[in-house]
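The structure under discussion appears below in the form of structure tokens.
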Amino acid sequence: MTTTDQPTTARVAAATGGSRTRAVGVRRDLSADDIAASGLRDRWYPILPSRMVRSGEMKKVTRLGVDWVLFRDARGTVRMLEDRCPHRSAPLSVGQHLGDRVACKYHGVQVDGTGTVVSVPGMPGCALEGKQATVSLEVAEAADTIFAFVPLTADSQPTPFVLPDRLSDPEVSWFPNYAEWAGPWRFYMDNVLDPMHGAFLHRNSHSMFGGDTSARFRIRETDRGFFFEKTDQRGVNFDWVEYVRGSMDYVDLEIPYARNAGPGGVFGIVGMSTPVDADNSAIFHWRTRRVQGWEREVWRFLYRTRLEQKHWEVLEQDREVLEALAADADVEEHLYQHDLGVSRIRRIYRADAKQQAAVLAGDRV
Ligand code: FES
Ligand SMILES: [Fe+2]
């Protein structure tokens, strides 16, 4: 995996602006259940690792149940359009990359990075030219990752792009990790809001073997979300997690490391899940450590040579359980005190989905 150290600033593509003549990517007929299943809108999501969108190529992805095409323009800035030609809906991703625009394979219509039709070669001067007829998302590239703001309506204004604390701190060194899981995005959120699974599912891992196998938990509110934490153990195992609602939703947690795991301060993880569709998700983690100078180089060498593989093994344990859960796992269940965090996050997302569906239905909320 290619990684670089953190960038100093995020590169943000130009705002798309203007009115959209067609907006399949921002559908108006989504119910609260649709939104809960395929993902909440009006927030930033990680879309792909930067390395997966190479210059001169077009990359097709599905996110929040919609097909998109990503490409780098002549300046290297990532553009993200709905993968649907404004003419007769052929996928743009199988067309031609022309630097600052893409040409549809079917009849050659050319669309630029803002979703505007710049040429209809079969009929020059056609009224379609100059129209912004394809949904184009605001994109930011930071932390070796391409992020996009997914709007609820064609009028949604992107919120400022703000990275999680650990990823914007120059004293913190990080390694990104990307995986695709055949499970709903909400199962990922349930999983990370459930620290107790560390002491069982990951008991035989390199980092989560210690501490008690029973605990009491509490929720601690913050001005940006909440902590879900053990009341009687900290700094031993996966003992707490913070859920943050910012310009993007993420979780933040720490796993204590033994001294022989190399130099540096606390080992932290930032996690995010982006819905692919109702049944699949794209999983993003950044493994971080506060470490500077020569120790940073030692840490980065140790991580790549020894720890990264162990982390993949831990992540595989999560993936195997989540992919094996029944599709209605969050309907037929018996929760207990350790699941307060799970209940809480579900309540938040249910309320958000309901509110967004009401906006789409034109209600005042
Ligand atoms: S469908 Fe794309 S040019 Fe006709
Ligand atoms: Fe886990």
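Do you know which residues across region 285-300 are more than 11 Å from ligand 2 (Cβ to nearest atom) and either of a type outside the set (A, V, I, L, M, F, W, C) or at pLDDT 95 or above (or both)?
Filtering region 285-300 for residues more than 11 Å from ligand 2 (Cβ to nearest atom) gives 286-300.
Across region 285-300, the qualifying residues are W286, R287, T288, R289, R290, Q292, G293, E295, R296, E297, R300.
Quick one: would you say A154 is open to solvent by 20 Å² or more (accessible area, probe 1.4 Å), over 30 Å from W299 (Cβ atoms) and either touching a residue at least 60 places away in the same chain (Cβ under 8 Å) or assigned to a strand (DSSP E or B) (or both)?
Here the answer is yes, as A154 does meet what is asked.
Looking at (1) under 26 Å from S281 (Cβ atoms); (2) more than 16 Å from ligand 1 (Cβ to nearest atom); (3) crowded, with 20+ Cβ neighbours inside 10 Å, can you tell me which one L81 breaks?
Unmet for L81, out of (1) under 26 Å from S281 (Cβ atoms); (2) more than 16 Å from ligand 1 (Cβ to nearest atom); (3) crowded, with 20+ Cβ neighbours inside 10 Å: (2).
For region 86-123, how many residues are within 10 Å of ligand 1 (Cβ to nearest atom), in contact with a strand residue (DSSP E or B) (Cβ under 9 Å, 6 or more places away or on another chain) and assigned to a loop (DSSP other than H, G, I, E, B)?
Final tally of qualifying residues: 10.
Check off (1) surrounded by 18 or more Cβ atoms within 10 Å (Cβ to Cβ); (2) touching a Lys or Arg at 6+ places or on another chain (Cβ under 8 Å) for H107 and give me the number that stays unchecked.
(1)
Tally time: how many residues in region 48-73 are of a type in the set (K, R) and either without any contact (Cβ under 8 Å) to a residue 24 or more places away in the chain or open to solvent by less than 50 Å² (accessible area, probe 1.4 Å) (or both)?
Looking only at that region, the number is 3.
Which of the residues spanning region 87-100 are over 18 Å from V61 (Cα atoms) and surrounded by 18 or more Cβ atoms within 10 Å (Cβ to Cβ)?
Correct list: H87 only.
For region 160-179: of the residues being assigned to a loop (DSSP other than H, G, I, E, B) and more than 15 Å from the chain's Cα centre (by Cα), which is nearest to L137 (Cα to Cα)?
P160
Answer yes if at least one residue in region 120-127 is crowded, with 16+ Cβ neighbours inside 10 Å and more than 30 Å from L253 (Cβ to Cβ), and no otherwise.
First pass over region 120-127, keeping only residues crowded, with 16+ Cβ neighbours inside 10 Å: 120.
Among the residues that remain, those that are also more than 30 Å from L253 (Cβ to Cβ) are: 120.
Within region 120-127, one or more residues are crowded, with 16+ Cβ neighbours inside 10 Å and more than 30 Å from L253 (Cβ to Cβ).
Residue-by-condition table, conditions (1) closer than 11 Å to I255 by Cα; (2) aromatic (F, W, Y):
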position	(1), (2)
H197	no, no
L201	no, no
S205	no, no
M208	yes, no
F217	no, yes
E221	no, no
T231	no, no
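Going by the structure shown, is D232 under 15 Å from G198 (Cα atoms) and modelled with pLDDT under 95? Let's see the steps before the verdict.
On the way: under 15 Å from G198 (Cα atoms): no; modelled with pLDDT under 95: yes.
Against the criterion (under 15 Å from G198 (Cα atoms) and modelled with pLDDT under 95), D232 does not qualify.
The values are calculated or read from the model by the stated rules, or taken from the named source; none is laboratory data. Quick caveat: nothing in here was measured; it's all calculated off a predicted structure. With ideal geometry, Cβ positions are generated from the backbone for all residues, glycine too; neighbour counts draw on all protein chains shown. Just the protein is used for accessible areas: all its heavy atoms, side chains included, with ligands, DNA and RNA removed. Shrake-Rupley method; radii C 1.70, N 1.55, O 1.52, S 1.80 Å.
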